[in-house]
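The values are calculated or read from the model by the stated rules, or taken from the named source; none is laboratory data. All values reported here derive from a predicted model rather than from experimental measurement. Here the Cβ is made from the backbone with ideal geometry for all residues, glycine too, and neighbour counts use every protein chain on show.
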Amino acid sequence: MFRRSWRHAAAAAAVLLALGSVTACGDDSSDSEDLSENRAGAMENYAVGTQFKATEPLSFSVLYNNHPNYPLKEDWLFWTELQSRTNVSLEKVSVPLSDYNQKRSLLIGAGDAPLLIPKTYPPDVHAYVSSGAILPVSDYLDLMPNLKDKIEKWNLKPEIDTLRQQDGKFYLLPGLHEKPWHEYSLAVRTDILEELNLEVPKTWDDVYTMLKAMKAAHPDVYPFSDRFSQPNPAGNLLNMLAVSHGLAGAGWNFQHVTWNAQAQQFEYTAATEHYRHMLEYLNKLVAEKLLDPESFTQTDDLARQKLANGKSFVISSNAQTLVNDYRPDLAATNPKAKITKIPLPVGPAGEINPASRLENGMMISSKARESKNFVAMMQFVDWLWYSDEGQEFAKWGVEGTTFVRDAAGKPTLAPDVDMIGLNPGAPKHLQKDFGFGNGVFSYGGKPELVQGFFSPEEQEFQQVMNARAPKSPPPPYPLSDEEREQVSLWETPLKDHVYQATLQFILGQRDFAQWDAYVAELKSKSMDAYLETVNGAYKRFQENN
Amino acid sequence: MVTVDATERPTGSAPRPRRRGIQETRGYRVFQVVNGIILTLVVVVTLYPFVNIVARSLSDEAYIIAGQVNLVPRGFTLDTYQFLMSDPLFWTNYRNTVFYTVTATVISIVMTTCYAYVLSKKQLKGRSALVGIAVFTMFFTGGLIPNYVLVTSLGLKNSVWAIALPNAINVFNLLVMKAFFESLPTELEEAAAVDGLNTYGILLRIVLPLSKAIVATMVLFYAVAFWNSWFAAFLYMDRQELWPVTVYLRNLIAGATGAENVGSITEANEVQAEATLKAVTIVLTTLPILLVYPFVQRYFVRGIMLGAVKG
């Protein structure tokens, strides 16, 4: 029985699809215009700057992603304060973070989903659209003044357009950032840089020069040994290089297509000259023994061990791995070592910030549309997730209790409240004891808000990154259900072949003279048909919208 | 392992007495030594990972990352144990696991025994159909969502029944048990019937007392399965205070390793050193079931053999 449960798990996606097509037939779309029956509890004059408060006590169900670092507590100040401010209480369906997506699919498929379904990433939405179980929220933006205001003020329309489905609507209320927020880069042993009299590298060519100098001084080490290679090789390294080359993404952010603004069409990312160029770069690093060939296969733990034991000096990093992994590791093995995260090296695409300004957001169950409290619910969502006041409340809590303001009005934690070690030894914790700064309710916003808890070091990194031009999002190319199915059949063989050839080229098992042969192989795996579908969908969307 | 029987050791210079039974040829002694060496190796190979895990669970994270922990803990620390055990939710969930395991195992044993005993009766009409129904579920399943809808609409969600009832009968266990019951001599039951026992009396007073071995084996099978299971609880339990400890620990590890942390810089001293955490998790979840093994082990081998001889 238990063994079969595992098989159930594997089959979940397939079952979902099947069920999706069944429920689609039973979907009767309600008239999106007439909301007169759905205004119970809603505010008459709700607008930007208004504190939302339901005119009667309301309760909405929400799928709750239960984070083990701050397990759900019913007595959190967040719930009581939320209720007194908005007259709304939330019924939580608590799901362990470890398997949140699976339970979400199950509940939506079984028609048992709560009304609010947060923590959903944009690509995850596709699977649910055709089932009709998810509300096309774009029809109801008029109920959400704060959201509309932010989209307009922060020029987020091109980003929002990428969420649109074939019907021109979108089904996800995304997290919005005023500024892109890029996290990943390389961590470099700065004591080695000092020892060798080297500058912090600015471009990928500088990185090469730096590695070369490191190798000259320490011939017995591979100066660069990378992590994040599970399940796919060099997830972060390949992606950093790809975006620095102006491509949509590679590695763990594998993107089949990249928008070519000059040609006004999509190209196959892994068949572009840029992609070839970045593989040649990596091949050079491997050939000159600057980059550990095991970087593409080893586990994170092994890469950490090499760094800790002085067998490498450079590794992929984000803010947490730097503070939580590398520094403690090195402190134990080599107290003199210093390591820091350098700004993302610049490539041929110039100084860009490749991060997206959208992040995970919320789906709303289409059942909600039938509720007499529908309008009130949308206003509530708009206030808590998109108003400045709501965002500050969700992140910082209650002024005077969990945070205080300095003279400039900037919030800082109250002295007896801790969060990520900002007030070490404080008796209470913002997340654990009060329920604020909770990933379910708090994300996105202005840079001041997003970076509220960042270390000075990370704020500096963000400052450098934010000085760079944000990357413009590609135009939308929403696929129909049939197209999506067809495309997904092409995707796996294409992706497998790209990964395989990528490694062969990098590790020198395949000569770059065979590049054309490689592109021909991609063509034999339906690359052209893939591009035709995507470009067709792009043109169709341009014509219809 | 090679064991030498003290009573058979030759005393003084007296000629070695000839053993009765199998003659201990030279070849046999060589075999014994080789056998002992091989089995010792097997023991080492199976025991090593476990000792290593225990050592890791007691070691400082830095030594694990440096790859220096082998059989002996380095930088001895109980921090991770303390962290885990100071969380009241851990104990709530642990109690749940014990409760779910005991309840579900009892139900499973009763149901499996009843079904298997009925199926072992050759004279039963429609017996092959009943076997067919059971075996059918080994190969075909309703799927995840229909199962979920069924359990939910029966109102079993958020209760122990959601875990115990849908998994009450494991078909493999059922067939093993059926084979065991078939191997019992029918004459015994006929004699009992002649002496005036009804069907239930025969089952309870004749068959079951003779089936301790198989029942013990089944208890072990079911208990281990329920103890380790997390999926059913994950599906049907919507409140964290109802989770078993497996879900709790699974979530904890995901929180320590997962990309969900992105953006929140967790304090270095608080971040649960993931390598240690995994080790502690394994120790804490396997320990109780490990302690049960020695007590049922003697039934275990006999039980599964008895069932297996006759298919």
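Collect the residues in the stretch A:478-509 that are loosely packed, with under 13 Cβ neighbours inside 10 Å, of a type in the set (D, E) and at pLDDT below 90, keeping them in residue-number order. Residues satisfying the conditions are A:E482, A:E485. Only a single criterion out of (1) part of a loop (DSSP other than H, G, I, E, B); (2) modelled with pLDDT of 80 or more is not satisfied by B:Q272, namely (2).
Only one residue in A:L238, A:L247, A:L285 is outside any helix (DSSP H, G or I) and buried (at least 21 other Cβ atoms within 10 Å of the Cβ). Which one? It would help to see each step written out before you state the result.
Values: A:L238 fails: outside any helix (DSSP H, G or I); A:L285 fails: outside any helix (DSSP H, G or I).
From the options A:L238, A:L247, A:L285, the qualifying one is A:L247.
For the stretch A:226-243, filtering for residues that are within 18 Å of A:A271 (Cβ to Cβ) and polar (S, T, N, Q) leaves 1. Put simply, of A:A349, A:A319, A:A331 the only residue that is in the same structural domain as A:T272 (by TED's automatic domain parsing), without any contact (Cβ under 8 Å) to a residue 12 or more places away in the chain and either buried (at least 21 other Cβ atoms within 10 Å of the Cβ) or small (G, A, S) (or both) is A:A331. Looking across the stretch A:448-474, the residues that are more than 27 Å from A:Q255 (Cα to Cα) and in contact (Cβ under 8 Å) with a residue 40 or more places away in the chain come down to A:L449, A:G452, A:F454, A:S455, A:E457, A:E458.
Residues are listed down the side, and each one gets a yes or a no for (1) among the hydroxyl-bearing types (S, T, Y); (2) assigned to a helix (DSSP H, G or I); (3) away from chain B (no Cβ under 12 Å); (4) under 24 Å from the mean Cα position of the chain (by Cα):
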position	(1), (2), (3), (4)
A:T80	yes, yes, yes, no
A:S84	yes, yes, yes, no
A:I108	no, yes, no, yes
A:Y128	yes, yes, yes, yes
A:S138	yes, yes, yes, yes
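Just to be sure before I move on: is B:K121 closer than 23 Å to B:T217 by Cβ, of a type in the set (D, E, K, R) and either touching a residue at least 12 places away in the same chain (Cβ under 8 Å) or away from every other protein chain (no Cβ under 14 Å) (or both) in the structure I sent?
Values: closer than 23 Å to B:T217 by Cβ: yes; of a type in the set (D, E, K, R): yes; either touching a residue at least 12 places away in the same chain (Cβ under 8 Å) or away from every other protein chain (no Cβ under 14 Å) (or both): yes.
Criteria met by B:K121.
Suppose we filter the stretch A:303-320 for residues that are more than 10 Å from chain B (Cβ to nearest Cβ) and either part of a loop (DSSP other than H, G, I, E, B) or at pLDDT below 90 (or both); how many remain? Please lay out each step first, then the result.
The initial filter retains those residues of the stretch A:303-320 that are more than 10 Å from chain B (Cβ to nearest Cβ), namely A:303, A:310-317.
In the following step, the residues that additionally are either part of a loop (DSSP other than H, G, I, E, B) or at pLDDT below 90 (or both) were identified as A:310-313.
Here the count works out to 4.
Look at A:S356 and say whether it is within 14 Å of chain B (Cβ to nearest Cβ) and not aromatic (F, W, Y). When the stated conditions are applied, A:S356 passes them.
Please verify whether B:N52 is touching a residue at least 12 places away in the same chain (Cβ under 8 Å) and assigned by TED's automatic domain parsing to the domain that holds B:A213, treating the condition exactly as stated. Criteria not met by B:N52.
Mind counting the residues in the stretch B:143-174 that are over 22 Å from B:I133 (Cβ atoms) and in a loop (DSSP other than H, G, I, E, B)? Within the stretch B:143-174, residues that are over 22 Å from B:I133 (Cβ atoms) and in a loop (DSSP other than H, G, I, E, B) number 4.
Taking (1) over 28 Å from the mean Cα position of the chain (by Cα); (2) in contact (Cβ under 8 Å) with a residue 40 or more places away in the chain in turn, B:S59 satisfies each apart from (1).
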